[in-house]
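A quick write-up on the structure given underneath.
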Amino acid sequence: MKKWLAMIWILALLGQAAPVAAAESAAIRVEGENYSYANQTPVSLTERDKTNIKTTEISNQDHFQYKSATSTLPASGYIVSYTVSVPEAGAYSLEIMASPLSNSNHSPYQLKVNEGEYADVTTADAVKIGQIDTPANIFYKYKLQPVILMEGSNTISFRILNGRSSDGRVFFFLDYFELAKLPWELTRITANAPNHVFEEQDTKEVTIRFTEETKSVHEVVYSVADYYGATVLSGSAALPPGASVYTFELPSLARGHYTVTAEADGNGRVLKEYLSVVMNESERASYSATPFAVDVAGGFLVSKDKIGDYARALRLTGVKYARERLPWGTVGAVYGTDDFSTYDAYNAAYAANGIRVLEMGHSAPAWTKEEGKKLPNDLLAAYQYAKTASARYGAEADWEFWNEPDIGYTADSETADQYAAYLKASALGVRDSGTSSLVSLAGIAYPPGSYVDLLMQNDADDYVDIYNFHGHRKGDTDTKLIDLPPTFQVNKEFIEGYGLANKRIYASEVGVSLSLQDGEENLTMEQMRKQARYLSTSAVESLAMGVDKHFWFVFPHYMEKGLSWGSFTAQHTPYAWVNAQSAITHALGEGTYMGKLAGLPEGVDSYVFRDGTDSVVAFWSEESTPFALETGYAQGMLTDIMGNDAELASANGSFALTAGPDIQYLRVSGDVGGLTAPYYGQSFAAPAELSAADRVVLTQRYPAAGAEQAKSKGYLLDRTSATTIEVDVYNFNDTTVSGVVYGAAYGGWSLAAPSQSVTVAPFGKETLAFTLEGSSQVLADAGAPVVFAAEIGGDRTSRSLALVASNEVTVVQPSLVVPDYDQPGLWDNNVSSGTTLTTSSPESGVIQFDLQMGDGDKWAYPNFVLPDNASFADTEGVVFDVYFPEPVAGVVVRSFMYESNGAGYFTLNGLNPVGGWQQFKIPWSDFSSFGTPDDNFHLDPEEIRSFSIGLNTATEKNLSFRVRNLGVYTQPDTGIYSKIADLLPAHGQEVTAGTVTITANLVQGEIPVPEETVQVLADGVPVSFQWVGSSIAASVGMEPGTHTVTVKGFDVNGRLVSAKSVVAAIEEACEEPESGSP
C-alpha cells in the first residue's frame, strides 16, 4: 500500500472541522502565479508553459511551480506567500487546486495563515473534490479546513520542507486557491473524550459548535442513533444571542457506536459526528498477549500531539500490539547521526498504554544507496542502524525491515537477493542489540510467487522469526459480508510447502477499501457496518488459517487513490470498527483456534476458540438464519458485534441462536465437541545460536546496463561476451574470518573461475570479481540462477542467488492466436474526447486503426472482448506485431488487460514504434494495476476477458497503425529445474476409501533434488515411500471424505519442487444381493 503521508494537519483554525455544505458568499480566487513572496526562484514561465499548453482547464492559463534540482533543500524550505483582502472577519472556506497529496512524485507541503503556525496539509483533513486531467495528473482540487481571516489584508503561505519520497526533490504545483465567507451555521459536533471514545463509566457530553457567536435566536435540533439505526436520544434547544456553543449530556449508553446529528433552524444542513462506548477497561480480562493487532502507521498518519489519544483508543479496544512507521531514511538522514527524537514520542505513547510495537521502516538514507535505488547498498550501515534502533526501544519493540519489497517499495532494478542481504544484515543487528526483539520478513504484497521463492532460496527464512504477508479486500460489493481474500490460502500453502510453520505467521495488513459516496466526506452507516463485519470475520478466518498476529489496516483516517481505508474520520472520530475490535478482543480473549463446527445450516459460518478453560463459538451468516447449537451446557454468554454481553440459557444443552451478518460470540464453560478441524497450536523455540558462517553475508552486483527490470526478469546479459559479477562479502563477526567463496551457474551460463579465497576483517567487507560467460545453450527469455556461498570454518554461509537471462530479442509465434481479432466489428471505440476511430481489415489476419485525434489529452485504446471459448490460462504473456509507416516521435504503444471482475492492468512504460513491422512481446509480469486492482493485486491471465491495444500521442493528431499475429505465448521447459510429474491420484479424482496408492515421478533437471529432501504427505502428515529410479510410490489409509496429497522436495539451491492434488475418498458401494439369494 502507498503510505508516504505527512503528519495530520493540526490547524487551530476552526476546531479542525470538516465544513458542511453552506450558502457561502462569492468566492475570492487567488491565482498561483500571483504570489507576493517567494524565498526561492520559481520555475520560469517558459517552463510552466510546457504544462499550461497541455490543457485549457488551468485557471488563467498559468500556475505557480517549484522544482529543485537536487534533494538538498535549504533549512527554511521553499516558501511562497499570497496577500488576499477580505471584506469582513470570520470563517472562510478554503479550496485549492494544487499538487496531489500522498503521492511519491510530489512534495508534501504545509499551510500557514497570517502569523499562525505552519501545519501539514494531508489527506486526513483535505477532501479531494476534483482534478485537472493532464497526462501527468499534477493538479488535484481539495477542500481544506475553514480558516479564520481578519478584515482587510491577510497572508496565506505554503511551505515545502521535504522533497518528494521518490528522490527527495521538490515538485510543487499551485494553480489557484479560493476563499468564501461562511455564514453563521453549525460547524462541528465534539465530545468530551479523546477521539470520542468513551468507557461505559464515563460522563458523556456532546458540544455543538458554530462558525461564530449567535447574533439572534436560533433553534438547534439534535438526535443520537445507535449502530442499528435506532434513536436513543432526541432533543432541541433555543440558542439565545451571544451563544458560542451548545452542550448536552448523554444518558447511560450501552456499548456501541453512536451517530449524533444536529440541524439549525430547519435549514436542511445536517451536521453529523460519531462516538463510541466500549467496556470499562477495569472489567476486561488481562492477557499477556492476544492474536489481535492493528496497523496504526502513526509515524505517517498521526501527529505527535495526537498519538497519545490514538494509543489510548487502541488500548481501550483491548489491542496490545501496534504496527508503526520508523523510517531510517529520516532518522539517519545526516551521515553519522541517528535522530530518533520525532519517533520517541510515538514509542513513549505506546509504552504508556502497555502496547508492544512492530516497527516498520521502508526507507534508507541517501548516503547508503545509489541514485535511483531504494534499498541500501551499505550493509554495515544497515546492521549498525538496526542494532542502535533495537537497543534504543528495547524488548517492547519488534522489527519489520521494509514493506512490500515485491512491488514498488523496491526499484525495478532491485532483486530479491538484494533485499535478502539487507534483511540478513538488519536481523544480525537486532540479534546483537541485547534485546529479545523479534525480526519479521517484510510484509509481502502479492500472493507468493517467484519473488518470495527467491527469498527462500537466499535463506532469508533462517534470519527471521516471522513470516509476514498482506491481504486486502474491496468493500464496494452488493453483499453484507466479505470473504477473506484468496491470498491467505496461497500463503498458507506456501508456508506449508517451505516448512515455515515453525515461524510466527503475521498478516500485518488486512483491510477493506471503501469508496466515499457522492457528497459524503465519511463512510455511510452501511459502509461502517461492512467494515466492522469484515474486521471481525477476517480476524476469525485468519486465525483459523494459522495466522498468529492479525493486523487490521489501518487505524487512523487514510485515503489512497480515492478509497477510504481508515477506522476514524478525518476529524479523528471513530467508525463502528472501534466497537467491533473491542468486542472481538473481549469475546475471544486468548483467541486460540480449536476448530470449525459441522452440521450447521447452509450459509452459517462458525469457528471455535479457546480462552482459558472456556470455549467461544464465533458465528455469522449473510442472511438471518436461526439454528440450534448443541453444547451440553445449561448457560452461556452471548456477545454481540458491539461488545454487549447477555446471559443465555439453553434448552437441555441446546442453544437457540440466530446468525446474521453481524458476528456473535457464544461463550460456554468447557469444551465444545463436533469440530471438523483439530486443535491448532504452536510453540516457538528461541532462535538458534549463530555460527561464524551465519554472520557472513554475501550479495551480488551486476552492471547497471541490463538491470533495469532485474526484479521481475533477472539481469539481462549478453551471452556472447563475459560479464563481471562483483560479490560483496560482509563479515559481521567481531573476529577476522577466512574461507572460500564458491559459485555456480546454470542454463548454459558458467563461471570462468567458480571459487576464490577470501579474508574479511571484523565488521568489514571484501569484494571479489567473478567472470560469468554465456554459451549457445543459453535460451532467450529463460531466467537461470547464479549462486554464491562461502565456506567459513567448515560451515556454509547463507546463499546469494540471483537470476540472469539473455538480452537478445527473439521473435516468438503465438501459442494461441486470438480468434477473430481481424474482424473490425469486434473492436470497441475506446478513444479520447474529440477523437474519431475507423477500424478496418486490409487483409486476412491484419486489423487497421485510423485515428483523427482531438485536442487535449490524445489516446486511443480499442477494446476486444475474448470469446467465451478462449482462455489465456497457463501462458507467459501477450504478443503481437505492430506496423507504423515510419517512426513517430511522442507515440507510446500500450496494452491493457481486464479481468472478469473488472480489474484493469496495463503496461506502464509502454513501447515506442520504430517504423515498419515490429513485434511486441509483453510478459504478464510487465502489467501494472490500472485503477483499483483485484484482491490479489496482480494480473491473472486465466481471468482475462477483454484487452486493449493502442497508443498515447503527445504530438501527432492523425495516425494509422496495423496489428497482426495477435495472441499469447508460452515458455518452453528449459530443463534447468527439477519437477514432480504424473502425481496420482490426480487433482479432483475420486478414490475408494481404504488403502490408497500414491505415485509420482521426480524428473531431475540440471539443478537436482537430493533424495533426503523428498517427502510424501497425506493431509499434511509425512508417510513412508519408496523411490526407485525416478518413481516415487507410497500407500496410505484414507477415510471417506476430502484429502490432500502432496509430493515435494527441495533442490540443491533450496527451491521448492512440489505437486499437490485434492481427492475425494468415497465408500465402496455394497452390492445388492441377487433375487432369491439367502
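Bear in mind these aren't lab numbers, they're just calculated from the coordinates by the rules spelled out. Model, not experiment: these values are computed from the prediction. As a convention, Cβ positions derive from the backbone with ideal geometry for all residues, glycine included, and neighbour counts pool all protein chains shown.
Can you tell me the dipole magnitude for the chain around its Cα centre, using point charges on the Cβ only (Lys, Arg +1; Asp, Glu -1), in Debye to the nearest 20?
Dipole magnitude for the chain comes out near 2400 debye.
Let me understand the chain better: what is its radius of gyration from the alpha carbons, and its Dmax, in angstrom?
Calculated on Cα positions, Rg and Dmax stand at 31.4, 112 Å.
Three principal axis extents, largest first, for the C-alpha atoms of the range 957-1078, in Å?
90, 44, 23 Å, listed from the longest principal axis down.
Could you state the orientation-averaged shadow area of the convex hull built on the Cα atoms of the range 888-965, in nm² to one decimal?
5.8 nm²
Taking 7 Å along the Cα-to-C-beta vector as the label spot, tell me the Glu520-Val1023 distance in nanometres, rounded to one decimal.
Output for this residue pair reads 5.3 nm.
Where Rh denotes the Kirkwood radius from the mean inverse Cα pair distance, what is Rg over Rh for the range 174-271?
So for the range 174-271, dividing Rg by the Kirkwood Rh gives 1.04.
If you place +1 on the Cβ of every Lys and Arg and -1 on the Cβ of every Asp and Glu, how big does the dipole about the Cα centre of the range 286-588 come out, in debye to the nearest 20?
That gives a dipole near 880 debye.
For the range 459-501, what are the per-bin percents of Cα-Cα distances with bins 5 Å wide, up to the bin holding the maximum?
5, 18, 23, 17, 14, 9, 8, 5, 2
Could you state, as a whole-number percent, how many of the C-alpha pairs of the range 430-541 are farther apart than 22 Å?
45 percent
Would you calculate the separation in nanometres between label points at Asn280 and Ser223, each defined as 7 Å from the Cα along the Cα-to-beta-carbon direction?
The modelled label-to-label distance comes out at 3.2 nm.
Just want the answer: with Cβ charges of +1 for Lys and Arg and -1 for Asp and Glu, which residue in Phe627, Ile663, Asn652 is farthest toward the dipole's positive end in the range 592-668?
Farthest towards the positive end: Asn652.
Counting Lys and Arg as +1 and Asp and Glu as -1, each charge on the Cβ, what is the dipole of the range 121-236 about the Cα centre in debye, to the nearest 20?
520 debye
Can you give me the Kirkwood hydrodynamic radius for the range 30-140, using every pair of distinct Cα atoms, in Å to one decimal?
15.7 Å
In percent, what relative contact order does the chain have, based on Cα pairs under 8 Å that are 6 or more apart in sequence?
7 percent
Length gain on complete extension for the stretch Ser757 to Val1003, per 0.36 nm per residue less the alpha carbon to alpha carbon distance?
85.1 nm is the gain from fully extending Ser757 to Val1003.
For the range 979-1066, give the share of DSSP beta bridges that are antiparallel, in percent and rounded to the nearest 5; count only bridges with both residues there.
Counting only bridges with both partners in the range 979-1066, antiparallel ones make up about 90 percent.
Rg and Dmax of the range 69-225, using alpha carbons, in Å: what are they?
Computed over the Cα atoms of the range 69-225, radius of gyration and Dmax are 19.1, 58 Å.
If each of Ile129 and Ala351 carries a label point 7 Å out from its Cα toward its Cβ, how far apart are those two points in nm?
Result: 4.4 nm between the two label points.
Where does the chain land at 222 nm, in deg cm²/dmol rounded to the nearest 500, when only DSSP H runs of n ≥ 4 count, each adding -39500 (n - 2.57), divided by all residues?
Only helices count here, giving -3500 deg cm²/dmol.
Evaluate 2.2 N^0.38 Å with N set to the residue count of the range 557-709, then give the Cα radius of gyration divided by it.
Rounded to two decimals, the normalised Rg is 1.55.
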